[in-house]
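J.: My questions all concern the structure below.
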């Protein structure tokens, strides 16, 4: 089974999942030692904010771990059979381990420049 993690810098879990174009893909077939198997660096038109179709490169993953996600992104992933998990862990590998163990660190509230809080 594979898990995608939004990571715009390929080092930390980042938010704004709908606009994310970079994903770390982990294979959790061996839960004791999940491993990174792929890095996706997609063009802007492949962010879910822009993409409206079938055959996206993350199709087939079981879940997307992210720092933040809107209701639209969550609904669209649900239609693709992909669980969205919003977490407060910054380390991608630790976020995957937490997901496997069912101990997701809750996200911290954050502010956007458009004046409302998520969290």
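J.: Taking the beta-carbon count within 10 Å as an exposure proxy, list 26, 99 from fewest neighbours to most. Write out the running numbers ahead of the final one.
T.: Values: 26 26, 99 22.
Neighbour counts put them in this order, fewest first: 99, 26.
J.: Hey, fewest Cβ within 10 Å first, where do 65, 108, 24 land in order?
T.: If I rank by nearby Cβ atoms, fewest first, I get 108, 24, 65.
J.: Please build a GNM for the chain, connecting alpha carbons under 10 Å apart, and tell me which residue among 63, 75, 95 fluctuates the most.
T.: 75
J.: GNM, the chain, Cα, under 10 Å: largest mean-square fluctuation among 27, 45, 91?
T.: Among 27, 45, 91, the largest mean-square fluctuation in the Gaussian network model of the chain belongs to 45.
J.: Mind telling me which of 33, 47, 20 comes out most flexible in a GNM of the chain, alpha-carbon contacts under 10 Å?
T.: Of 33, 47, 20, the most mobile in the Gaussian network model is 33.
J.: Among 46, 1, 77, rank each residue by its count of other Cβ atoms within 10 Å, from fewest to most, as a rough exposure measure.
T.: In increasing order of surrounding Cβ atoms, one gets 1, 46, 77.
J.: Also, I was wondering about something else. Return the distance in nm (one decimal) between the two label points of a simple spin-label model at residue 105 and residue 45, each offset 7 Å from Cα along Cα→Cβ.
T.: 3.8
J.: Looking only at the range 2-112, where both bridge partners belong to it, what percent of the DSSP beta bridges are antiparallel (to the nearest 5)?
T.: 60
J.: Ok, one more. Determine the principal axes of the Cα atoms in the chain, then give the extent along each, sorted from largest to smallest and rounded to whole angstroms.
T.: Projected onto the principal axes, the Cα atoms of the chain cover 41, 32, 25 Å.
J.: Could you calculate the contour length gain from residue 38 to residue 52, that is, 0.36 nm times the residue separation minus the distance between their Cα atoms, to one decimal place in nm?
T.: 2.7 nm
Values quoted throughout were computed directly from the atomic coordinates according to the rules given, and no laboratory measurement underlies them. Source: prediction; values computed, not measured. With ideal geometry, Cβ positions are generated from the backbone for all residues, glycine too; neighbour counts draw on all protein chains shown.
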